[in-house]
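All remarks here apply to the structure that follows.
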Amino acid sequence: MPWRQAPSLWTCALPESALGWAFGSEGAGLSAAVQAQCAMQVRIPLERHTESLNVAAAAAICLFERKRRAG
């Protein structure tokens with residue numbers, strides 16, 4: 001699935017069980033082999049004129065959202 005079609009991190013259902021994250025580079029993203037191992041993909045919604053996020057920033061946002069939902 002192209003990342004632009006992936007569900008938003010803000011609205012998708014994240015599993016409550018153990019969860020692993022895979023983060024790709026800005027340009028190339030994840031390899032097809034890694035994507036094949038993933039149960040789901042999510043995207044971080046960005047403002048219209050924002051090109052992309054640094055992978056460390058994206059990881060921090062995803063981990064924070066996971067923790068926020070866990071309470």
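The values are calculated or read from the model by the stated rules, or taken from the named source; none is laboratory data. None of these values were measured; they are calculated from a predicted model. Don't worry about glycine lacking a Cβ; one is built from the backbone with ideal geometry, like all the others, and counts go over all protein chains shown. The accessibility values were calculated without ligands, DNA or RNA, using every heavy atom of the protein model including side chains. Shrake-Rupley method; radii C 1.70, N 1.55, O 1.52, S 1.80 Å.
Let's see if you can work this out: charge +1 on each Lys and Arg Cβ, -1 on each Asp and Glu Cβ, no other charges. What is the dipole magnitude of the chain about its Cα centre, in debye to the nearest 20?
180 debye
In region 29-50, which residues have a backbone nitrogen under 20 Å from the label point lying 7 Å from ILE61's Cα in the Cα-to-Cβ direction?
Label zone hits: 29-31, 40-50.
So what is the diffusion coefficient of the chain in µm² per second by Stokes-Einstein at 4 °C and 1.567 mPa s, using a Kirkwood Rh over Cα pairs?
This corresponds to a translational diffusion coefficient of 99 µm²/s.
When the accessible area of the chain is computed with all protein chains present and a 1.4 Å probe, what percentage of it is carbon and sulfur?
56 percent
Grab the other residues whose beta carbon is less than 15 angstrom from that of GLU16, score K and R as +1, D and E as -1, and report the net.
Summing Lys and Arg as +1 and Asp and Glu as -1 gives +3.
Do any GluC sites (Glu not before Pro) in region 26-71 lie in a DSSP loop with no more than 11 other beta carbon atoms within 10 Å, and if so, which?
Of the GluC sites (Glu not before Pro), the ones in loops of region 26-71 whose Cβ has at most 11 other Cβ atoms within 10 Å are GLU26, GLU47, GLU51.
Just in region 36-71: which trypsin sites (Lys or Arg not before Pro) are loop by DSSP and have at most 10 other Cβ atoms within 10 Å?
Here the trypsin sites (Lys or Arg not before Pro) that fit, given the DSSP loop and packing criteria, are ARG48.
Which whole-number percent is the relative contact order of the chain (Cα, under 8 Å, 6+ apart)?
So the answer I get is 44 percent.
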